[in-house]
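Below is one structure, written out as structure tokens; the observations come after it.
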Amino acid sequence: MVISRPVTGKYRAIKNKINVILFAIFLITPFIRIGGIPLILLDIPARKFFIFGLTIWPQELYFLHVLLLLGGFLLFAVTALFGRIWCGYACPQTLFTEIYDKVARVLTGNRHGKAGASKAVWAWVYFVWAVMSIAFSLVFLGYFKPYEEIIRDIVQGNFLTEGTLVPAPWVIFMIMSVGVAWGNMAYFRENMCRLICPYGRFQTAMLDGHSPIVSYNVNRGEPRREKKTQKVGQHKGDCIDCDLCNLVCPTGIDIREGLQIGCLSCGLCVDACTTVMGKLKKETLIDYRTIEQVTNPEAKIHYLRGRTMVYGVILTILVSVFAFLLVKRVPIYANAVRDKAITSIHVPGTGWQNGYEIHVGNLSHHDIDVRIDPEEGSPYTIIRTDDSLHISAGGYERIRYIVQYPESLGRPVANAMPITFTVTDQADPKVKKVIKSTFTFPY
Ligand code: SF4
Ligand code: SF4
């Protein structure tokens, strides 16, 4: 397990600021409500996803698909333009590794690595990490279950599924989340980046000659000092083999061995070498360079290139599709199902009648009253006893109607005719959902 050595410098300072912002976002997001609606809540049992003011219902999962595609291509574009900055500066694995490392350093007396602290001290560290994992998992749970319900279930001791001895789903979630968080931080850590995370493996496909990477200047640095036999200054290359770049690395890799999957592009080894070389009045041997600049230091960075332009076009299309879906969104879900209990009948002197069960969902955050009518101008009439149907915010109602085709028009030749219903929000007639079904005639 790697516990990296602390370092100061330009990139460390940037990372510190970003870490504070990201950690604050992680902690407070589950508690944010705008007009009573969660900012982010993936309510899987209720099959409702609240994302920045948009409530996505099961019928609208295409919004989620477009958002996921957007996120994926944004990551590709950012990687092509700026290298693996997601890994180094924004990935939750990186953020939490730094938090757990910091706690370990404090508890072990600001030491780095496992050496130098007794087993008892490390047992204490593992215990504190477990407590942190529980606390962070509770916050994480708040992204999937409203925090009011979490507090209520804890206070009321609702740890079991009602009427059974099976742990409640949120308790199972907590057990898994704490296990993964603690196991990850106590054992997996850098191996998550080096061996498990697929994104690290994608990087070769996403980087090109103009993508920045962290690299070591072999020409200047080598041959490095022979630590055991040479003093500083007795070697040809500039690298004094102090190992600091390796010790500060959160994944424990030696960047002098070249670009590796484990390199998160975090820049901490740049800070380390800048400090060491600064003392020798020399420039750092490790820095951000494009892959082309590694072999040709004069090479210019071209941000506008084939790959980035393709990503730009795809992102523009996806944003447009998302905006279009958003503008076209009708906050009413409706469906008409033939009512099997009321078969198609002919009432002499009146006309032909069919029964329907109309299902209406309110996808908005306020109560609505809707009116259901056959399409304007069509021959059908609804035999109704009510003028409107009340549906609470986020609610769902079913109503049965008998629809009549008038005798005066005579029986059509076809045994079935299309029928269209409109479901209109009475407070805002522009909000209208159109549903289609068929009207049948008895033989
Ligand atoms: S090699 Fe340098 S940039 Fe890469 S992960 Fe390690 S410290 Fe960060
Ligand atoms: S920090 Fe710089 S000088 Fe020290 S080992 Fe790494 S590359 Fe060499």
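The values are calculated or read from the model by the stated rules, or taken from the named source; none is laboratory data. The structure displayed is predicted, hence computed values, not measured ones. Don't worry about glycine lacking a Cβ; one is built from the backbone with ideal geometry, like all the others, and counts go over all protein chains shown. We work out accessible area using only protein heavy atoms, side chains counted, and drop any ligands, DNA or RNA first. Shrake-Rupley method; radii C 1.70, N 1.55, O 1.52, S 1.80 Å.
Take the alpha carbon atoms of the range 61-206, find their radius of gyration, then divide it by 2.2 N^0.38 Å using N residues; give the quotient.
Its radius of gyration relative to the 2.2 N^0.38 Å reference: 1.30.
Which residue fluctuates the most in the chain, going by a Gaussian network model with Cα springs under 10 Å, if the choices are Glu98, Glu257, Glu162?
With Cα springs under 10 Å in the chain, the top fluctuation among Glu98, Glu257, Glu162 is at Glu162.
Considering only protein heavy atoms, with the full assembly of protein chains and a 1.4 angstrom probe, order Arg400, Arg289 by accessible area, largest first.
From most accessible down to least: Arg400, Arg289.
Let's test this: bin the Cα-Cα distances of the range 30-83 at 5 Å from zero up to the farthest pair and state each bin's percent.
With a bin width of 5 Å, the distribution comes to 5, 18, 20, 19, 15, 11, 9, 3.
Can you sort Met176, Met1, Met309, Met132 by 1.4 Å-probe accessible area, starting with the largest?
Sorted by accessible area, descending: Met176, Met309, Met1, Met132.
Over all distinct alpha-carbon pairs, what is the Kirkwood Rh of the range 221-359 in angstrom?
22.0
Which whole-number value in Å² is the accessible area per residue of the chain, probe 1.4 Å?
54
Below 8 Å, C-alpha to C-alpha, sequence gap of six or more: please give me the relative contact order for the range 267-401 in percent.
17
Report the accessible area of Leu389, computed with a 1.4 Å probe over the heavy atoms of all protein chains in place, in Å² rounded to the nearest 10.
20
Give me the one-decimal Kirkwood hydrodynamic radius in Å for the range 74-157, with the sum taken over alpha-carbon pairs.
After inverting the pairwise mean of 1/r, the radius is 15.7 Å.
Take the chain, compute every pairwise Cα distance, and split them into 20 Å bins from 0; I just need the percent in each bin.
Per 20 Å bin, starting at zero, the Cα-Cα P(r) for the chain comes out as 18, 38, 26, 14, 4, 0 percent.
Mind jotting down the distance between the C-alpha centroids of the range 240-292 and the range 324-361, whole Å?
So the separation of the two Cα centres works out to 68 Å.
Over all directions, how big on average is the projection of the convex hull of the alpha-carbon atoms in the range 332-440, in square nanometres?
That works out to 6.8 nm², a quarter of the Cα hull's surface.
Considering the chain, which cysteines have no disulfide-compatible partner, defined as another cysteine with its Cβ under 4.7 Å away?
Cys87, Cys91, Cys193, Cys197, Cys239, Cys242, Cys249, Cys263, Cys266, Cys273
Tell me what the chain gives for mean residue ellipticity at 222 nm when only DSSP H runs of n ≥ 4 count, each as -39,500 (n - 2.57), the sum divided by the residue total, rounded to 500 deg cm²/dmol.
Estimated from H runs of four or more residues: -11500 deg cm²/dmol.
Mind checking the log10 I(q)/I(0) for the range 266-317 at q = 0.14, 0.30 Å⁻¹? Debye, one equal scatterer per Cα, no solvent, two decimals.
Normalising to I(0) and taking log10 leaves -0.57, -1.03.
For the chain, what are the DSSP H helices with axial Cα length of 27 Å or more and mean Kyte-Doolittle hydropathy of at least -1.0?
10-28, 61-82, 119-141, 306-328
Find the all-direction average of the projected area of the Cα convex hull for the range 1-100, expressing the result in square nanometres with one decimal place.
For the range 1-100, averaging the hull's shadow over all directions gives 8.8 nm².
Can you give the accessible area of Val330 in Å² (nearest 10), computed on protein heavy atoms with a 1.4 Å probe?
Estimated to the nearest 10 Å², Val330 gives 40 Å².
Carbon-plus-sulfur fraction of the accessible area of the chain, 1.4 Å probe, in percent?
Percent of accessible area from carbon and sulfur atoms in the chain: 65.
Using protein chains only and a probe of 1.4 angstrom, how many square angstrom of Cys242 are accessible, to the nearest 10?
Using a 1.4 Å probe on the heavy atoms, I get roughly 60 Å².
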